[in-house]
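These notes concern the structure reproduced below.
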Amino acid sequence: MELYRGKRMSIEKKQVQLASGREVERIVVHPGDAAAVLPVRADDSCYLIRQFRDAIGEYILEAPAGTMRAAERPKDAAQRELIEETGLQAETLIDRGFIFTTPGFTDERIFLFEACGLSPSCLYQKDDDEEIELLRVSLADLPGMIRDGRISDAKTIALAYRCLVCGR
């Protein structure tokens, strides 16, 4: 049974049968899939964004990201979000897989990309409800920033891992 449908998500209450045969009630949030991108510069630095997140009441450092539009491919969403949030476009987007954000209550997937060959672009404008500060960070500093909590956003941590550890 659908409990809520909004512009960006729906919430469903459903009965689920466990492996034991017992039925339980679950609430599932369907926010739609998203794409996140780590823009990497040739000088071994990258860009992160700093923005206020209302749900936690704090500014956080994170990779540019956003919800995919209907029928939009993950790579296209990554390029669009990169341009909207940083004013940069990528010559190359390297697919770094996807993650489930919180599979205990949502089916959301975030597709991860590494962006290379950056150049200015104004193809897409910033969303009018976002105030974003662009920060340049050394790739060598990312692990320490994750370790000490300066980067606490899960998608950004996963993306940094996939780009730095798995991809290089």
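Just so you know, all these numbers are worked out from the coordinates, no wet-lab data involved. Given the structure is predicted, the values throughout are model-derived calculations rather than measurements. We place every Cβ from the backbone using ideal geometry, glycine too, and count neighbours over all the protein chains shown.
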Q. Under the Karplus relation 6.51 cos²θ - 1.76 cosθ + 1.60, θ = phi - 60°, what is the ordered set of whole-Hz ³J(HN,Hα) values for region 73-85, x standing for Gly and Pro?
A. 6, x, 5, 5, 5, 4, 5, 4, 5, 4, 5, 4, 8
Q: Specify which labelled value, from (i) 18.5; (ii) 17.1; (iii) 17.7, agrees with Kirkwood radius over Cα pairs in Å derived from the coordinates of the model shown.
A: (ii)
Q) Under a GNM of the chain (C-alpha, springs under 10 Å), which listed residue has the highest mean-square fluctuation: 151, 56, 83? A) 56
**Q.** Inter-probe distance in nm under a simple model that places probes 7 Å from Cα toward Cβ, at residue 14 and residue 107
**A.** 0.5
**Q.** Distant-in-sequence amide H partners of residue 38 (H built 1.01 Å from N, under 5 Å)
**A.** 113, 114, 115
Q.
Counting pairwise Cα distances across region 97-168, what percent come out greater than 15 angstrom?
A. 68
Q: Collect residues whose amide H, placed 1.01 Å from N in the peptide plane, falls under 5 Å from the amide H of residue 106; neighbours closer than 5 in sequence don't count.
A: 29
Q: Would you please put 110-117, 48-55 in order of how densely packed they are, using the mean number of other Cβ atoms within 10 angstrom per residue and starting with the highest?
A: 110-117, 48-55
Q: Starting with the highest mean, order 152-165, 94-107 by the number of other Cβ atoms within 10 Å, averaged over the residues of each peptide.
A: 152-165, 94-107
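Give me the count of lysine pairs in the chain whose alpha carbons sit under 28 angstrom apart, restricted to pairs 8 or more positions apart or on different chains.
Pairs that pass both the separation and distance tests number 8.
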Q) What list of ³J(HN,Hα) couplings, whole Hz, do you get for region 25-39 from phi and the Karplus terms 6.51, -1.76, 1.60, once you set θ to phi - 60° and write x for glycine and proline? A) 8, 10, 10, 10, 9, 10, x, x, 7, 9, 10, 10, 9, 9, x
(Q) Can you give me the distance in nm between label points at residue 22 and residue 141, each placed 7 Å from the Cα along the Cα-to-Cβ direction? (A) 5.0
